[in-house]
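What follows is one structure encoded as structure tokens, with my remarks underneath.
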Amino acid sequence: MNAETLSQLAPSHLAYVPFVSVANMMRLVHHIGIERFLTDLAAHIEEDFKRWPEFDKTPRVASHVPGGVIELMPTADDRLYGFKYVNGHPKNTRTGHQTVTAFGVLSEVSTGYPVLLTEMTVLTALRTAATSALVGKYLAPKGAEVMAMIGNGAQCEFQAMAFRALCGINRLRLYDIDPSATLKAKRNLEVQGFEITTCSSAQDAVEGAQVITTCTADKQYATILTDNMVGRGQHINAIGGDCPGKTELHRDILLRADIFVEYPEQTRIEGEIQQLADDHPVTELWQVMRGEAEGRRNEAQLTLFDSVGFATEDFSALRYVRNLVQNTDFAENLDMLADPDDPRDLFGMLQRSAG
Ligand SMILES: NC(=O)c1ccc[n+]([C@@H]2O[C@H](COP(=O)([O-])OP(=O)(O)OC[C@H]3O[C@@H](n4cnc5c(N)ncnc54)[C@H](O)[C@@H]3O)[C@@H](O)[C@H]2O)c1
């Protein structure tokens, strides 16, 4: 192949898509600082919740497979389209795999061309925590200082960091059925300056906590919290019930709580409220954030964020990361899009590449 043919075959700028690897995502988070990253990310998530009607929305597309689920989470506004690929396999940790892994794409609506491809395993943990703490700002009781954290796996420390950054909570009560998970979380969080109490049961963990985060993984109707364990005035941040047949709370708690959700059409399929009638009243968070619905009304109210994770939160995270990495070395260019000189001569480009 002569030099002229070679240069004709070299990718043009249109062929390249910025890619953020896991190593670069971690470098980026440290560069910004984890608490500031969580706070700024939460601001992007809130901004997008506040312009909810502008988004194209659908419940995520879930493929239920033995032992887990693989999901695609798309959404778009009139300028950008985003989607995330994510799995949930509760038994994965036994074989050294993560329960949740993810990657995502952001594209320009006008051309359909991707403008970002990024790891989203770390980013999902950050966005889930940022969303929980953002919701905590609206729903947690005033002056909350103590959070119970039931389930001390991969998401646990991210939740703790976000609740401190956004809600000022620095005291944690940890419980996991696997004591080694609790020890791991204690070790990681003590270094970050948290005051930690390890607990012998979920019942023990919720003692004196104003916020209860449930963050367990088990593909079944589990009962992490029963009605007698939850008092008036607490806020429950329920993360782990996010799939049909996979819940964490006893139904009686749901009947007593004021329930807040991301997107009812998805939460009724996947969240704790799959245990309730289809018309059970829930409040949509975007309306609370816009001041169109009430959040916490009084000190006695039991509030529940029935979190399942919605596509706009990933869209916000993609948008945030794209702004951060543009024209920096946190992204590398991938030769991902075929770009023939004549857009209709795709075959000619392939033929010439044979040399
Ligand atoms: N709502 C969201 O947006 C969102 C986002 C990410 C993950 N999740 C869900 O959050 C959950 C946790 O994810 P992860 O990545 O931390 O999983 P993980 O497997 O790393 O950790 C889960 C932990 O729960 C513990 N556990 C299981 N059953 C328990 C029980 N009965 N009592 C106490 N602890 C128990 C396990 O021992 C483990 O340490 C998963 O169910 C996942 O699907 C939700």
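The values are calculated or read from the model by the stated rules, or taken from the named source; none is laboratory data. Here the structure is a predicted model, which is why all the values come from computation and not from measurement. Here the Cβ is made from the backbone with ideal geometry for all residues, glycine too, and neighbour counts use every protein chain on show.
Within the range 111-153, can you find the residues that are assigned to a helix (DSSP H, G or I) and either polar (S, T, N, Q) or over 25 Å from residue 39 (Cβ atoms) (or both)?
Selection gives 121, 124, 128, 131, 132.
Please enumerate the residues belonging to the range 164-186 that are within 15 Å of the ligand (Cβ to nearest atom) and within 19 Å of residue 122 (Cα to Cα).
Of everything in the range 164-186, those that are within 15 Å of the ligand (Cβ to nearest atom) and within 19 Å of residue 122 (Cα to Cα) turn out to be 181, 184, 185.
If you go through the range 291-350, how many residues are assigned to a loop (DSSP other than H, G, I, E, B) and away from the ligand (no atom under 16 Å from the Cβ)?
Total meeting the criteria: 28.
Could you say which residue among 155, 210 is over 22 Å from residue 309 (Cα atoms) and of a type in the set (S, T, N, Q)?
On the way: 155 fails: over 22 Å from residue 309 (Cα atoms).
Of 155, 210, the one residue that is over 22 Å from residue 309 (Cα atoms) and of a type in the set (S, T, N, Q) is 210.
Please verify whether residue 344 is out of contact with any helix residue (DSSP H, G or I) (no Cβ under 9 Å at 6 or more places or on another chain) and without any contact (Cβ under 8 Å) to a residue 12 or more places away in the chain, treating the condition exactly as stated.
Answer is yes for this residue.
Based on this model, can you work out whether residue 108 counts as within 23 Å of residue 328 (Cα to Cα) and more than 11 Å from the ligand (Cβ to nearest atom)?
Yes: the conditions hold for residue 108.
For the range 170-189, indicate whether the set of residues that are under 16 Å from residue 141 (Cβ atoms) and in contact with a Leu (Cβ under 8 Å, 6 or more places away or on another chain) is non-empty.
Among the residues of the range 170-189, not one is under 16 Å from residue 141 (Cβ atoms) and in contact with a Leu (Cβ under 8 Å, 6 or more places away or on another chain), which makes the answer no.
Would you check if there is a residue in the range 158-175 being in contact with a His (Cβ under 6 Å, 6 or more places away or on another chain), among the hydroxyl-bearing types (Ser, Thr, Tyr) and not assigned by TED's automatic domain parsing to the domain that holds residue 61?
No, the range 158-175 has no match at all.
Limited to the range 130-156, what total is found for residues that are within 16 Å of the ligand (Cβ to nearest atom) and closer than 27 Å to residue 288 by Cβ? Talk me through it step by step, then tell me what you get.
Residues of the range 130-156 within 16 Å of the ligand (Cβ to nearest atom): 130-136, 139, 147-156.
Applying the additional criterion that residues be closer than 27 Å to residue 288 by Cβ yields 130-136, 139, 147-151, 155-156.
Qualifying residue count for the region: 15.
Where in the range 200-280 are there strands (runs of 3 or more DSSP E), lying fully within it, with 2 or more residues that are more than 11 Å from the ligand (Cβ to nearest atom) and crowded, with 24+ Cβ neighbours inside 10 Å?
211-214, 235-238, 258-261
From the list 292, 270, which one is under 19 Å from the mean Cα position of the chain (by Cα) and not assigned by TED's automatic domain parsing to the domain that holds residue 107? Don't jump to the end; show me each part of the working.
Working: 292 fails: under 19 Å from the mean Cα position of the chain (by Cα).
None of the other options fit; the residue is 270.
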